[in-house]
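Undergrad: My questions will all concern the structure given below.
The values are calculated or read from the model by the stated rules, or taken from the named source; none is laboratory data. What you are looking at is a predicted structure, and each value in this text was computed from that prediction instead of being measured. Methodologically, a virtual Cβ is constructed for each residue, glycine included, from the backbone with ideal geometry; neighbour enumeration extends over all protein chains shown. Ligands, DNA and RNA are stripped out before the accessible areas are found, and what is left, the full protein with its side chains, is counted by its heavy atoms. Shrake-Rupley method; radii C 1.70, N 1.55, O 1.52, S 1.80 Å.
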Amino acid sequence: MKGLFIGLNTIDLHFLVDSFPGRNEKAKAKKFEFCTGGPATNAAITFSHLGGKSNLVSLIGKHHLKNKVIDELKEYKVELTDLIPDRICDPIFASVVTTRDSGDRSVISYHPKQANKYDLLPDDLQPEIYNIILTDGFYP
C-alpha cells in the first residue's frame, strides 16, 4: 500500500512528569524525547511502521535541525518531499509536557511565519497511484 501525507512537520520536545508544576515552580522530567513530529509526519511514520510506503510532503527548509528530521524520516522509511529545501527558516517546535499517571498534557508551540504562501499539493500529483491520501489541514 502507498500513502501520501501532506502537512505539518515539527521538532517535538516531550517531557514526562509526575505532575504539572505550579506557578513559579519547577518539575523534574522522568523521561525526555527529542523527535520529529506533527500530524502528517506522525501519520506517515505510523503508516510506514504498519508496512505501507509513505511519502510526506511538508515544509522543512534549511535550519540547524534539518538533518535530524531527514535522518529520522529515513530511519522510519518515510520518503520526504520538502517544498522549501533551500529556504533558510526556523523550524516549528512543539514542547509537550505529559503527566505520568493521568496522561494529561500541555503543549507550547512555536510557528514561524513561513508557510502561508505555499501550495502543498505537488504539481505532478497523481492521486490514483495512492491507496490513501491524508492532509492534516495545517497549511492553506
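Undergrad: Which one is surrounded by the fewest Cβ atoms within 10 Å (Cβ to Cβ) among residues in the range 1-37 that are modelled with pLDDT under 95 and of a type in the set (G, A, S)?
TA: Checking each candidate, the answer is G22.
Undergrad: Report whether or not D90 is open to solvent by 40 Å² or more (accessible area, probe 1.4 Å) and not aromatic (F, W, Y).
TA: So D90 passes the test.
Undergrad: Counting residues that are of a type in the set (V, I, T) and in contact (Cβ under 8 Å) with a residue 60 or more places away in the chain, which strands (runs of 3 or more DSSP E) fully inside the range 1-62 reach at least 2?
TA: Filter on the range 1-62 gives 10-17.
Undergrad: Kindly provide the set of residues from the range 90-121 that are closer than 12 Å to L59 by Cβ and either at pLDDT below 85 or out of contact with any strand residue (DSSP E or B) (no Cβ under 7 Å at 6 or more places or on another chain) (or both), ordered by number.
TA: Hits for the range 90-121 are D90, H111, P112, K113, Q114, A115, N116, K117, Y118, D119, L120.
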